[in-house]
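Structure first, commentary second.
Nothing in this text is a laboratory measurement; each read-out follows from the coordinates by a stated rule. Quick caveat, the model's predicted, so the values are computed rather than measured. Counting neighbours? That spans all protein chains shown, and the Cβs are built from the backbone with ideal geometry, glycine included.
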Ligand code: CP
């Protein structure tokens, strides 16, 4: 791979996606054998998270350490951001500290691209507002590919708060590029205008959309981005859009359930489904480390990895 930054699935070619996923498969095998690599020895990876995270931040840090890099975690709440420092000045400071990669999560769409334009370090988007979450989409693609093999002809249904979801936007792009058909499903209030332009079908009828699905991806209601009412009650939302064991009976026989996390049991997914044998949620977490190892290694070492 010959690029400085990974800012969104929209920027990546099919060949780059294939390269990341095939490298991630090698990394996943390494994880299963509890092997480490020293391919990033002497390099530093900084995580700069302006929003909360459990999975993404920890897996980027674990991925960097598995490859021999050192890591620096900037806790924005305890940083000079609280004294009014801008994103650009924070980035230039991290450059002066000679970090090699900045992994950034920010509530404002476009922040990673702004940062990438002013720093020498590679920048990876770990989620920007309602725009993109490329590493999540790549780990979702890896999980689906490892389960099904070729995704051509597979039917993916993404249900829930599509409007506020960067995962939905990245997943629609990624699964489309991998040959799957994608339907996004939500109440009208949670469907963003123009989402069909990304190459998906759009529906408000979950019982219809889920018929014959191979991959069901519920998304939580993104309450941190919601100001006002988008549906009447939690109970009603769950009744029409919750992923339940009964509803999954409408899927293809070989269906799986994926969820980016964090999950809200009883809202977009029942505990029974989340913990059931068709749930790939924890497999996704492990694959997240493998994908992020691949992204870091390919960005820093190009084609000369492992
Ligand atoms: N899926 C995801 O981005 O999870 P975190 O918010 O815990 O990083």
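Please work out how much length the chain gains when fully extended from residue 54 to residue 72, using 0.36 nm per residue of separation minus the C-alpha to C-alpha distance, in nm with one decimal.
4.9 nm
Take every Cα pair under 8 Å in the chain that's 6+ residues apart, average their separations, divide by the length, and report that relative contact order as a whole percent.
Relative contact order for the chain comes out at 22 percent.
Taking every Cα atom in segment 157-270, find the radius of gyration and the maximum pairwise distance Dmax, and write them in Å.
13.0, 39
With label points built 7 Å along Cα→Cβ from the Cα atoms of residue 88 and residue 250, find their separation and express it in nm.
5.0 nm
How high is the relative contact order of segment 17-78, in percent, with contacts defined as C-alpha pairs under 8 Å that are six or more residues apart?
Relative contact order here is 39 percent.
If R0 is 25 Å, what FRET efficiency do you get for residue 120 and residue 36 from their C-beta distance, rounded to 0.05?
0.35
Could you list 257, 108, 103, 202 so that the one with the fewest beta carbons within 10 Å of its beta carbon is first and the one with the most is last?
Ordered by Cβ neighbours within 10 Å, fewest first: 108, 202, 257, 103.
Order by neighbour count: 32, 5, fewest other Cβ atoms within 10 Å first, most last.
Lowest to highest Cβ neighbour count: 32, 5.
Over all distinct alpha-carbon pairs, what is the Kirkwood Rh of segment 144-191 in angstrom?
11.2 Å
Could you check what % of the DSSP bridge pairs in the chain are antiparallel, to the nearest 5?
The answer is about 5 percent antiparallel.
Could you order peptides 156-167, 88-99 by the average number of other Cβ atoms within 10 Å of their residues, highest first?
The peptides rank, most packed first, as 156-167, 88-99.
Rounded, prolate or oblate: which one fits segment 2-156, using the alpha carbon gyration tensor with axes a ≥ b ≥ c (rounded when a/c is under 1.5, else prolate when a/b beats b/c, else oblate)?
It comes out prolate by the Cα gyration axes.
So how much slack lies between residue 79 and residue 201, counting 0.36 nm per residue of separation and subtracting their Cα-Cα distance, in nm?
Taking residue 79 through residue 201 to full extension adds about 39.6 nm, to one decimal.
Set the Förster distance to 30 Å, then compute FRET efficiency between residue 97 and residue 147 from the Cβ-Cβ distance, nearest 0.05.
Working from the Cβ atoms, E equals 0.15.
Kirkwood Rh over Cα pairs of the chain into Stokes-Einstein at 10 °C, 1.306 mPa s: D in µm²/s?
81 µm²/s
Please arrange 193, 185, 200, 251 by how many other C-beta atoms lie within 10 Å of their C-beta, fewest to most.
193, 251, 200, 185
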